[in-house]
Structures are given as structure tokens and as C-alpha cells.
Amino acid sequence: MAFPSVSVVKQLVAAIDNGKNFKSMNDMRSNGDQLLKEKGGLSLSVVKSLVRREKDERSSSEFVGDDETQSLMYTLFKLEEHFPHDKSQCNSELHHSISLPKDLHGAPPGSFTHQIAETIGKISSVYKMAFFWQSLVLELKKLWSDGQPVPRMPLDAAPDLNCCLLHQEIQVINCCIARKKRRKAAKESLDSLLKRASIDNSNHLYSNGDSPDSEMYIKGSAGDNVLRLGADHPSENLTLLETGELVYSPTLQEGPIMTAELIKETEELVLRTGSVGAGCSQLLSDMQAFKAANPGCVLEDFIRWHSPPDWSEDCAASSAEVGEGSSRRGRLSERMQTKEGNLWKELWGAAKPIPAVEQAPIYDEDLAVESIFDALEVIEPSKLFEQLLAVILSVCFVAAELVLPAGSNLSKLFYDCKDYILSIYQDDISKEKLDEICKVYETMEAIVTHPEETLQIMEAPDEKSPLESKNRFKIKLNFIGKDRHPLWKRAPKDPKEEKKSSPKDEKRSSEERSTKIFSNLLDKKVSIFSKKNAKPTTEVPPPPPPSSAPGPFDDSEWTIL
């Protein structure tokens, strides 16, 4: 599994901050023909990766959609040719989603959502990002209209509430496609059954007393054969109380597909209005399907099948005690025998024998998916890019866990970086914290991509040779400070100077406690690459004069590489 490039993180960080200037992706496309750089000045580490492209971007502000967009779309939507769908997940890497941080809400490595984040993170301007996003939504619409699932996503799995909303919504699209296919198959099966029954009746197949197929027919109260509609399979050890025929479980309508956002909206609606309409609709639908599959059934039959705890078999009644809610074989629970306001009895009386495939749908897949497309078209750019950044970070965590030895010094350093990111990451995160994430991410990338060199420098003892001292500068191993270098580009700190710069007062806020982790990470260690790239010189620059009032940072202690 490839470790996401730091350049992708920087692009998404810059896009989040720039995207706050636009209300929607449509607005960004119309008014966002500019480079990804913050007008007031992003940190040096972010701007450096963008400024190199400025000359080319100014000379050509129009996005060449024909070639570039088609290439990007091919990369995203043709992946199923190399990674075919299976019944569980689309790729073995997706099984690592269980290790994704729940608070970060990213997406599994290798998923379609991950590919979107990687692709958009490689685009150089917000105008191009917006153009690509609109093209992406159009392509998703085309897949939906053709009944083709989104590649690199589970085919029919409930939305993973630990993932970002974008990932959940794409899962809903695939679920709806799978449901429509099942409904079509069920409709064809019912039509075939009715056609066969029509042929049997026209030929008087069972008029001579032959036993009909129990899966198709059931003996009615008048002794005639009645067709079962929408029956799925027989229920174990259950027979109808009135006729003694086997109880068949019907094919039922499937309930709503809920994302985390929809669950929250539904809960708020129930608390505000006290409505339970969706539950009533599902119960009525189940009753109608049960009646269609089991002609001659009574409410007690449905309750025994649908809610077994509300039926007591051991409370057999004598003939004198048999009354409403009881039979010679058992009795309903007290709540089911309530006469006034008994919702189950009211719905049973209103239910008609209609198979699920012929009922009005409880959950309209077309309406649900169209609402998702509408939301994706007008999504706030900063909200979209925040989700994509969370996806990249979550993939980074999983990728590192697969390659770093458990319990090693590298692993401990990486987990300190991970914990720090999780402690500061939140919705609508500030630009300052985004810049800190970029710096920490550079450290994490160095740990994963150059583990041997990182380990050598971490384990190397302090050296005090004059040549090496020239190329070092004093550092504080935390991630606060304007234009500070990432950990892996920093040089070691003079132990004597470390005592002078110790802070006098320590604050106890949760964020500062997370930040303080890094003050003890590499007590005597040097930057990962500073020693490797150090070159001897003939002159030794004079040491800077000591600060009379050392603080937590000192700009004179930093060297730009």
C-alpha cells in the first residue's frame, strides 16, 4: 500500500483554506480561476510546492477538459477492470478499514473515495478542482442511470458510519443499485409465478384432487387452493392457527439506507415531533406481505412470526378460557391484548394481502440518490476538501501500521505524530492547525519512506565536532511556531542551550499537553537528513549572542534549507 505523498496533503490543506472563499463547487468553478495559495500568505512549506507552477498557470487559465479530465476519469472509473468486485469488499486492502481512527472519519485505503482524494490532491488550481468535481458527479450520475455500481466500493453494504460522509453517500448509491436489481428480479419471479398459476387453472390441473405445490398454493378456509404471493421460504416449526398450513416467510421491503447525517436528522425529527411514521409504514408493509404469502392467517400468526416474545406457547387455555387474543395453543402478551390504542390491531385491520414488490416503496431509491447528487453538486468546497484530507490522513495511518515494526522506536515516534494530529483535527479547522498538520505529516512520511536512515540518526550519539556544529541549529521539538521546519528537516539542539530555553510556566490545556509530546521525542537526536546532507566548510561562523530573555521560540534559531 503506497504512502500518500506530502504534496497531496499540502494541496488539500491549501484548497481547504482557499475553498472558504466560495459557497459551492459551482461558485468555485466560476470564480476560482487562480492558483492554490492563500492571499494573506500560507506558510512557506505550503507555498513552495505551489509557486513553481505559477508561471505556467498564468499563461493558460483554461482547463483542458477533453484530455486531462478524460485521463483522470479513466483512472478513477476504469479501476474495476484491474480490481474486480467481490461479494465483500473490492480489494483486500479495504479490510484494514477496521483500524481507521473513528474520530477522523476517513475512508478505507484503495477505496473509490481514497482515489478521489489522491486525484484532487494532485490538481494545481481550485478552478481545475471544481471542474474535475463537476465532471466526477456527472460520471456518477451516468453510472446510476446505467445501473452500474461505483468501482472500488462494496456492492451492497450499509454505510460505514465511521467513514466520512462522502464515502457513506457513495455506499448508498451502490446499495440502491443493488436493491433495484433485487426488486427487478423479485418482480420477474412474481410474474412467472402468476403466469404458471394461470396455466394450471386453465388446464384444471388440480381439479381431480391432486395435491398442489405447497410453495405455490395453500388450502383456504373453504377447502380451495389459494395462491401464495411473495413467499420466500417456510418458517421453521410454525403453522397457521386456523388451517394448520405451514407459515411462509414473505419477501419484505427493505428499510431506509441511513448515513450518519440522515440518522441525526431523523433523531431530531422524532424528538421534535414525536413522529414514528417510518416505523408504522414498515410494520404495515410487513403485515401486507405476510397476508399475501399466508392466505387465511390471523394477527396471532403474524405476531408469532414477527415478534415471538409477544406469544406464549406454554399458556394453553381451556375451551372455556379461549377468548380474544388467545387460542388453544397459546396466548398473546398483555400489551398485544390491549383493546384501546392497539396500533398492531389497527394496522392489521387496514393491511391488504399485497406482496412487497407490488407495494408502494417505503424507501425511494431514485429520490434518495437524486438528493445525494444535488448535495454533491452544491457542496461547500472547504467541507469537501476537509473530508478528502481526513481520507488521506486515515490512509497514511493504515499504511504506516502495515510496515512499521510494532513497539519499535520508529513506531512510537509515528504514533506520537498520529496522536498529535488526532488531537487537533476537527471540522472547520484553522489555517494555523492545518499548517501544523503539514509539518507533522512530513515527519511521518520520512519515518515511513526512509526508515533505515531515520533509525540510524535516531540512534546516533551526539557529536561535537566543529564541522558538524556549523551545520546545526537549535530547535524545539514541538509543532508550534511560524515557518518552522518539519521535524525531519530540523537539526539537533545544543544540550547547554536547551537548559536556557526551558519554559518557566507550563499550561495544562489539552491541546498544549498534546503538543508537549514532541518536546521529549528525540532528546539527543538530530534531524533525519541534516547530518546526511551536511557539507564541511572552511569558515566557522561566529555563534549568535545568547538571548537575554529566552522564550518558547526564537526565530534566530531557524535555518531555511
Item to check | Long-range neighbours under 6 Å by Cβ, at least six apart or interchain, first residue under 15 Å from GLN148 (Cβ atoms) within the stretch 172-196, second assigned to a helix (DSSP H, G or I) and open to solvent by less than 20 Å² (accessible area, probe 1.4 Å) | outcome: ILE173/VAL369; CYS176/GLU365; CYS176/VAL369; ARG179/GLU365; LYS180/GLU365
Checklist outcome for this item: For the stretch 249-289, the count of residues that are at pLDDT below 90, hydrophobic (A, V, I, L, M, F, W, C) and open to solvent by 50 Å² or more (accessible area, probe 1.4 Å) equals 5
Checklist entry - ASP160: closer than 19 Å to VAL395 by Cβ, of a type outside the set (A, V, I, L, M) and either touching a strand residue (DSSP E or B) at 6+ places or on another chain (Cβ under 9 Å) or open to solvent by 20 Å² or more (accessible area, probe 1.4 Å) (or both), yes or no? => result yes
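Is the stretch 156-170 home to any residue that is under 21 Å from ASP27 (Cα atoms), touching a residue at least 40 places away in the same chain (Cβ under 8 Å) and hydrophobic (A, V, I, L, M, F, W, C)? First the steps, then the outcome.
Residues of the stretch 156-170 that are under 21 Å from ASP27 (Cα atoms), as a first pass: 166.
Remaining after also requiring touching a residue at least 40 places away in the same chain (Cβ under 8 Å): 166.
Retained after the next criterion (residues that are hydrophobic (A, V, I, L, M, F, W, C)): 166.
Within the stretch 156-170, one or more residues are under 21 Å from ASP27 (Cα atoms), touching a residue at least 40 places away in the same chain (Cβ under 8 Å) and hydrophobic (A, V, I, L, M, F, W, C).
If you take the residues of the stretch 360-382 that are in contact with a Gly (Cβ under 8 Å, 6 or more places away or on another chain) and under 21 Å from THR119 (Cα atoms), which of them is most open to solvent (accessible area, probe 1.4 Å)? Walk me through how you get there before you give the answer.
First, the residues of the stretch 360-382 that are in contact with a Gly (Cβ under 8 Å, 6 or more places away or on another chain): 362-363, 380-382.
Next, only the ones that are under 21 Å from THR119 (Cα atoms) stay: 380-382.
Values: GLU380: 91, PRO381: 0, SER382: 13 Å².
The qualifying residue most open to solvent (accessible area, probe 1.4 Å) is GLU380.
For the stretch 128-142: of the residues being open to solvent by 30 Å² or more (accessible area, probe 1.4 Å) and not charged (D, E, K, R), which is farthest from the chain's Cα centre (by Cα)? So that I can check it myself, show each step before the final result.
First pass over the stretch 128-142, keeping only residues open to solvent by 30 Å² or more (accessible area, probe 1.4 Å): 128, 131, 134, 138-139, 141-142.
Filter once more, so that each one left must be not charged (D, E, K, R): 131, 134, 138.
Working: PHE131: 24, GLN134: 21, LEU138: 21 Å.
Residue satisfying both the conditions and the ranking: PHE131.
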Item to check | Neighbours by Cβ (under 6 Å, 6+ apart or cross-chain): first from the stretch 421-445, under 18 Å from PHE397 (Cα atoms); second part of a helix (DSSP H, G or I) and of a type in the set (S, T, N, Q) | outcome: SER423/SER514; CYS438/SER45
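Quick check on the stretch 290-313: of everything there that is of a type in the set (Phe, Trp, Tyr) and under 23 Å from MET216 (Cα atoms), which residue is surrounded by the most Cβ atoms within 10 Å (Cβ to Cβ)? Explain how you work it out, then say what you get.
Filtering the stretch 290-313 for residues of a type in the set (Phe, Trp, Tyr) gives 290, 302, 305, 311.
Keeping just the survivors that are under 23 Å from MET216 (Cα atoms) gives 290, 302, 305.
Values: PHE290: 25, PHE302: 21, TRP305: 19.
Ranking the qualifying residues of the stretch 290-313, first place goes to PHE290.
Of the residues ALA446, ALA400, which single one is crowded, with 20+ Cβ neighbours inside 10 Å and closer than 19 Å to SER111 by Cβ?
Details: ALA446 fails: closer than 19 Å to SER111 by Cβ.
Going through ALA446, ALA400 in turn, just one is crowded, with 20+ Cβ neighbours inside 10 Å and closer than 19 Å to SER111 by Cβ: ALA400.
The values are calculated or read from the model by the stated rules, or taken from the named source; none is laboratory data. Here the structure is a predicted model, which is why all the values come from computation and not from measurement. Quick reminder, even Gly has a Cβ in these numbers, built from the backbone with ideal geometry, and neighbours come from all protein chains shown. When the accessible area is computed, the model is the full protein with side chains, heavy atoms only, and any ligands, DNA or RNA have been set aside. Shrake-Rupley method; radii C 1.70, N 1.55, O 1.52, S 1.80 Å.
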